[in-house]
1. Sorted by average packing, counted as other Cβ atoms within 10 angstrom per residue and highest first, what order do 43-51, 68-76 take?
2. Taking the simple approach of a point 7 Å from Cα along Cα-to-Cβ for both Arg4 and Gln54, what is their distance in nm?
3. For the pair Val26 and Ser114, what calculated FRET efficiency results from E = 1/(1 + (r/R0)^6), where r is the Cβ-Cβ distance and R0 = 51 Å, to the nearest 0.05?
4. If you stretched the chain out fully between Thr80 and Ala47, how much longer would it get, using 0.36 nm times the residue separation minus the C-alpha to C-alpha distance?
5. So if I average 1/r over every pair of distinct C-alpha atoms in the range 100-166 and take the inverse, what Kirkwood radius in Å does that give?
Amino acid sequence: MNPRQRRGILLLITAGIGAIAVFVAVWGYTNSLHQRLGEYQTAVLVAEDIPAHQPVTPDLLETTEVPADFFEDSFLRDPTDVEVGAGEQLVAAVDIEAGTMLQENMLQGAPALSEGEREIAIMVDAETGVAGKINRGSLVDVYATYAASPDSPACAMRVLTQVQVLDIGEITTETDETTGAQSGVVPVTFRLSPEQTLHLTHAEAFSTKLRLGLISPEGGGSEPAEMEFCSDTDIEEFFEDADNPIHDPYGEDGPDLAEEDDAGAEGDADGDAEENGDNE
């Protein structure tokens with residue numbers, strides 16, 4: 001073997017040793033990096049720009065793997081992890097750019113309103129209006145009471161019937177500007193048509209009190225949508241109605257109230273006559 005061949009073999013051996021050293025160095029670096037970053041976690045990535053208040057649908061999202069060392073607790077693994085109320089859908093709370101890791105504070109629930117529907121909230125008395133029996137998704141009637149005025153009697157009116165409750169907020173305290181009395185009120189949100197929204201807004205602004213009536217799961221019956229009961233004629237008709245149990249609380253087997261009233265009237269007349277005779 002001549003000197004040139006020996007130098008060639010030595011160069012090959014040196015190159016092999018160098019390649020092995022580089023491989024070991026790269027493997028060691030990769031292993032240390034993997035140990036430092038930890039395991040990979042699945043996160044949700046926004047694939048397209050999503051404007052604020054627009055629905056967040058699955059076709060706008062994709063999943064990606066993120067090293068555990070860079071994975072934040074606010075990252076979402078699945079959009080369904082965000083809790084929304086009954087009848088609500090996920091929408092963007094802010095403008096979200098494509099390539100953003102989706103986080104919980106970027107989403108919010110919004111009513112899944114149909115075209116033409118409105119979401120409106122009013123303050124209702126916590127005791128007489130809700131009383132702990134009405135929940136999200138309940139169907140209710142809305143009743144309003146109006147005080148008497150020189151031009152109209154005091155009335156109670158059914159403003160809306162069979163409307164859906166979207167949400168019920170937390171109870172707060174409200175102070176009456178006239179009397180200074182405090183009462184508990186709770187915000188109630190409804191799903192309404194534009195016409196129903198006007199009726200409810202008018203009732204809240206001008207009525208003395210609003211009440212909610214929970215409707216039976218079997219339905220609200222066939223009564224007309226708008227009903228009212230006023231103090232000028234309706235009360236008299238109510239007590240004069242023969243079918244009204246208050247008209248004759250004892251029923252057919254009880255005493256004849258009309259005869260008792262006539263007898264009482266005759267007795268009062270006789271007593272007045274005797275009293276007038278004694279005075280003479």
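Coordinate-derived values only; no laboratory data. Since this is a predicted model, take the numbers as computed values, not measurements. Positions of Cβ are generated from backbone atoms using ideal geometry, with glycine treated the same way; all protein chains shown enter the neighbour counts.
1. Result, highest mean first: 43-51, 68-76.
2. My value for the distance between the label points is 7.2 nm.
3. 0.30
4. Roughly 10.2 nm would be gained on extension.
5. 15.5 Å
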